[in-house]
Amino acid sequence: MLADYAPLVVLLAFAVGLGVIVMGLAHFIGPRSPSPVKDQTYESGMTAIGGAQRRVPVRYYLIATLFILFDIEVIYLYPWAADFRNLVAKQGFGALGGMAVFLGILLVGYVYVWREGALEWD
Amino acid sequence: MTKQTDVVAAPAPADVVAAVHKQLGERVTVDDGGALVVGPSNLIDVVRALRDDHGLDYLANLTAVDWLDRFEVVYHLCSSAGGAPIVLKTTTDRANPRVPSLFGIYPGADFQEREVYDMFGIRFAGHPNLKRILMWEGFAGWPLRKDWREAYFEQEHKPLTSRWPDGQFFFGEDKLTDWGSNTKLPPAYTGAEIGRPKPQEGQYVVDIDALRRGTSFGSDRLVVNMGPQHPSTHGVFQMRLVLDGETVVDLEPVMGYMHRNHEKIGERNLWLGNMPFTDRLDYIAQLGSEWGYALCVERMMGLEVPERAEYIRVIMAELNRIQSHFWSIGFLLNDLGAFFTPSLYAIEEREIVLDLFEMATGSRLMCNYMRFGGVAYDLPDAFMPLVNVLVNERMERAIDEIDAYLTNNEIVMERMKGVGVLTPELAIAYSTSGPVLRGSGVAYDVRRADPYGIYDRFDWNVVTANEGDVYARYAVRIGEMRESLKILRQALPQMPAGEILGGKKAWQVRVPAGEHYARVENPRGELGYYCVSDGKANPYRYHVRSPCFVNLTSLAEMCKGYKVADVVAILGSIDIVLGEVDR
Amino acid sequence: MDAIELGIVALKCLVIVAVLLTGFAYTTFLERKVIARMQQRLGPNRAGPFGLLQPAADGVKLIFKENITPVGVDRFVYFLAPIVSMVVAIMAFAVMPVADPITVTIGGQVREIRFQLADFNVALLYVLGITSLAVYGLVLAGWASNNKFALIGGLRSAAQMVSYELAMGVALVSVVLVVGSLSMNDIVDWQVAKGLPLIVLQPVAFGIYAITAIAETNRAPFDFPEAEQELVAGYHTEYTGMRFALFFMAEYINMITVSGLAATLFLGGHHLPFVERFTGNLPWFVDIGVFLAKVILALFLFIWIRATIPRLRYDRLMAFGWKVLLPISLANLALTAVVIAFLAR
């Protein structure tokens, strides 16, 4: 069972190897002549005013949180969907009803989030 | 969407001057040239009266002249309903030049007053942000004063001690200051505040301290420089943005990277020698720039232009307008993120027009075609058949095609509608012109408002749109291309034979002493030339009222509250050409 | 797993990496040529016949470029980000079946060789999981670069990718509902068995998948993370030479992967579901050709869209993802479930 995943490890090794080789190649072959001005961060040719690593608007975090909430629920849909025919055979419309309740809860949350304006970008 | 309006004729400037003189009594005098002269102390009152009581709501031009014993600040005011501008002058002494700022009355005076301060050192009391605009902060000298000698040409005074100290080439950037060590600085200037302007009370410059304050969520604001080295600033133009997330809180345009002191060089050149030089202003609409200058000098000289030359000028100028609008629409779409496809299709049409220019003038961009009293060369025989095919067949289809693909495109509409809205009142107050002003619903077109050439002979309309957003400006451009075609269709069959250059043949033009402000409707707006002659071989004062430069005054107002992506679209809709902005 | 099997796996990995790299190189070439034609230009035509060596020339140029590491970057994360991007892009391709298995005799043993690195019962979930890791490379690059354009680009990409991933996830649930399996081979076999590509049964899911796939790969008109007109080069503004090339590589390999996924899930994979009713099962090399043709068709669509459509505005894009695509995909899911429940009963 787990052996099915073994080829992935080999591919991972290949991919990481490729990345490191490419970066290394560029590192050793590419010329280098650093200068203080050249090494400044790019800001359209001007000296940057203030650094970039600062606190960002909470909007982005909100989207991330919403995503985690909804995505975890979507994950639950997959096993249900893969086994749906069996469930219907066993439980009839109960299979549908169970998921309808689950999705209903999800939907209530979704409507709440929409109404609260969390999906607006301003 | 767009509508066509006729402009009501306004009272002649002479009547306005007389009426003002009557109303304000001894506070104003009238000089020989018919200009109102007012002392600096009365300036604000007089201008307010002119605006409120006499309908002169549009500050067309603001500049200054150095008369060696005094500075004369010249204002050209006109009505947005049309009519020739009236001239208002005020003088100030050279030792401590100070004039009250008109910023409170005409916000459009903002950049123009900063330019005059930058070039002459005249301080405008009450201006909220009086600092250099074309030269860099810290530059020593006032380049347009008559006693300032041009570096490397007049050699008496150099702003730069040397371009290559130690006789060796080096990169100025490596000095890690904003300009390196090869600049002569004012005595008290330390340069400590470079890149971090300290805002004073009431200034609208980027407020660094506000960054720390942030918003209610405690996120930090970002100050981002867009430009000069940025893909969508149409050249070396800089916008300093204060962002809250992606929303623009404040914006300050910074320009002058391509400044070459065009006006000073123009004052060194001979009158005719300036003609090719005007091509370098707005290189997308080169023939319009030439026409404006030719018009100004012709009126000063009292020259008559022969019929055929007038027709050639109209044909060239309208072809010019079409190709320029093609260009700007194409690149507006580029700014919206369309990957070059619309612009390359637009450029294809433009290239055909440029081929015609090459045929007639010998050059595609730097045409040097107009002369005082006519044009330099007659049209070649092959020109007329080609231009007829172009005007009657090809162009119409090309415009229809662009119209069909872009105008009702959903993404294009969503990106352009309701973005960068400028109300008609603000558009007039900010002295905007061209498609920006007409996109705000003001039917102001110099060809109609203050007719020149033979535009009064043709049947055409001033295209306006009421929304004042990016989409309206786009729609105005599309409409104007069609109107230009309409003018061309009338002009081409009427074209008479005959002379192309009037006036006496002379090696050197003699321009009688005097002054004039002539303006033409260039694709980007009102292009004005203010020339002063003292009878010598070169202009005493040569000023270009650049539509792009003045239109940029309204940029900050248009952008606040919108997103970063909208800033790019708004800038694209103003359609600046840096050669003209920075001069 | 014996040594021969390990050898085969290693060979497959080598082939996947090599094919993806070549595919990346020639996708860029295809893009430049096709867009050039759409814009009445010629496109690259100097290096080799028809400019075919252009990608090689680009690669050599990038290797010999100077690598600039700006001051103030978080060095470890800065170097890690492009590798993460590229590794994730390559990994996603592992479960893609490109042809029917063949049997060969190696060393006296009869072995079945599958044209697929790994197939397991949750392959679809694996692809979704791996592609959602792609956002790390972008965010890390944006954050580590100490550059405002990169930062905004990184943040945008994070928010955009997670938003569209949601709609994509829900849309693909409908596919799973119809087929009843998460295995790639099962999905392909189902389509062959029924003689219908899933695009016919699930057009809405396909539409949503197509839109979200473009958003997931940050391609026009959803190329906000690197919106040139606003953010210069977005999250990879501070990357030069081969470091930049790794991001570029990741973008194009992701394009190939989502195209392959579209082919597998909706277009019958390496089979021609309707045609094979009459011709019978096609040999493995034709399978590869079929798969390739479908992928190239999808890539062409990517390129066509880029050459045609202007960019949406970012806030509208987010609203579109959350308020339009997500409800539609949920409704599609509900409808599919009800229909299947009725049919299955």
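Values quoted throughout were computed directly from the atomic coordinates according to the rules given, and no laboratory measurement underlies them. This is a predicted model, so every value here is computed, not measured. A quick note on method: Cβ atoms are made from the backbone with ideal geometry, for glycine too, and the neighbour counts reach across all protein chains shown.
Each label was represented as a point 7 Å from its Cα along the Cα-to-Cβ direction; for C:Arg75 and C:Ala10 these points are 3.4 nm apart.
The fewest-to-most ranking of A:Asp71, B:Asp456 by surrounding Cβ atoms within 10 Å reads B:Asp456, A:Asp71.
Loop-only chymotrypsin sites (Phe, Trp or Tyr not before Pro) in the stretch A:54-103, please: DSSP not H, G, I, E or B, and at most 15 other Cβ atoms within 10 Å. Numbers along the way, then the final one.
Working: sites: A:Tyr60, A:Tyr61, A:Phe67, A:Phe70, A:Tyr76, A:Trp80, A:Phe84, A:Phe93, A:Phe102; in loops: A:Phe93.
Here the chymotrypsin sites (Phe, Trp or Tyr not before Pro) that fit, given the DSSP loop and packing criteria, are A:Phe93.
Compute the label zone of C:Ala193 within the stretch C:317-345: residues whose backbone N is under 20 Å from the point 7 Å along Cα-to-Cβ. Within reach of a label on C:Ala193, which here means backbone N under 20 Å from a point 7 Å along Cα→Cβ, the stretch C:317-345 contributes C:337, C:339-345. Quick one: grab the alpha carbon gyration tensor of the stretch A:58-116, order the square roots of its eigenvalues as a ≥ b ≥ c, and give me rounded if a/c is under 1.5, else prolate or oblate depending on whether a/b is larger than b/c. Oblate. Angle between the Cα long axis of helix C:3-38 and the longest principal axis of chain C, 0 to 90 degrees, nearest 10? The angle comes out near 60 degrees.
In straight-distance terms, cross-link reach from A:Lys38 covers every one of the aspartates and glutamates whose alpha-carbon lies under 14 Å from its own, apart from those fewer than eight places away in the same chain; here that gives B:Glu173, B:Asp174, B:Asp178, C:Glu66, C:Glu238. Taking a ≥ b ≥ c as the square roots of the eigenvalues of the alpha carbon gyration tensor, chain B is rounded, as a/c is under 1.5. Take the Cβ atoms of C:Arg114 and C:Leu343, set R0 to 35 Å, and the FRET efficiency comes out at 0.65.
Remark: B:Asp69, B:Asp575, B:Asp469 ranked as B:Asp69, B:Asp469, B:Asp575, counting other beta-carbon atoms within 10 Å and listing the fewest first. If R0 equals 45 Å, the separation of the Cβ atoms of B:Ala497 and C:Ala47 corresponds to a calculated FRET efficiency of about 0.25. By the count of neighbouring beta-carbon atoms within 10 Å, fewest first, B:Ser289, A:Ser44, A:Ser33 end up ordered A:Ser33, A:Ser44, B:Ser289. Relative to the longest principal axis of the Cα atoms of chain C, the long axis of helix C:203-216 lies at roughly 30 degrees. Cα gyration tensor of the stretch C:214-345, axes a ≥ b ≥ c as square roots of the eigenvalues: rounded (a/c below 1.5), prolate (a/b > b/c) or oblate? Note, shape of the stretch C:214-345 comes out oblate. Straight-line reach from B:Lys264: taking Cα to Cα under 25 Å and skipping same-chain neighbours fewer than 8 places apart, the lysines in range are B:Lys89, B:Lys131, B:Lys146, B:Lys158, B:Lys184, B:Lys536. Pairs exceeding a 31 Å alpha-carbon distance, out of B:Lys417/C:Lys33; C:Lys12/C:Lys294; C:Lys33/C:Lys194; B:Lys560/C:Lys323; C:Lys194/C:Lys323: B:Lys417/C:Lys33; C:Lys33/C:Lys194; C:Lys194/C:Lys323.
Residues considered: C:Phe274, C:Phe291, C:Phe266. Largest GNM mean-square fluctuation over chain C, using C-alpha springs under 10 Å, is found at C:Phe274. Taking Cα atoms only, the orientation of helix A:94-116 departs from the longest principal axis of chain A by about 50 degrees. The stretch between B:Glu26 and B:Asp534, if pulled fully straight at 0.36 nm per residue, gains 180.0 nm over its current Cα-Cα span. With a sphere of radius 12 Å drawn around the Cβ of C:Gly321, what net charge do the other residues whose Cβ falls strictly inside it have (Lys, Arg +1; Asp, Glu -1)? Net charge in that neighbourhood comes out at -1. Working from Cα pairs under 8 Å separated by at least six residues, relative contact order for chain B is 17 percent. Between B:Asp147 and B:Ala382, the FRET efficiency from the beta-carbon distance, with R0 = 56 Å, is close to 0.60.
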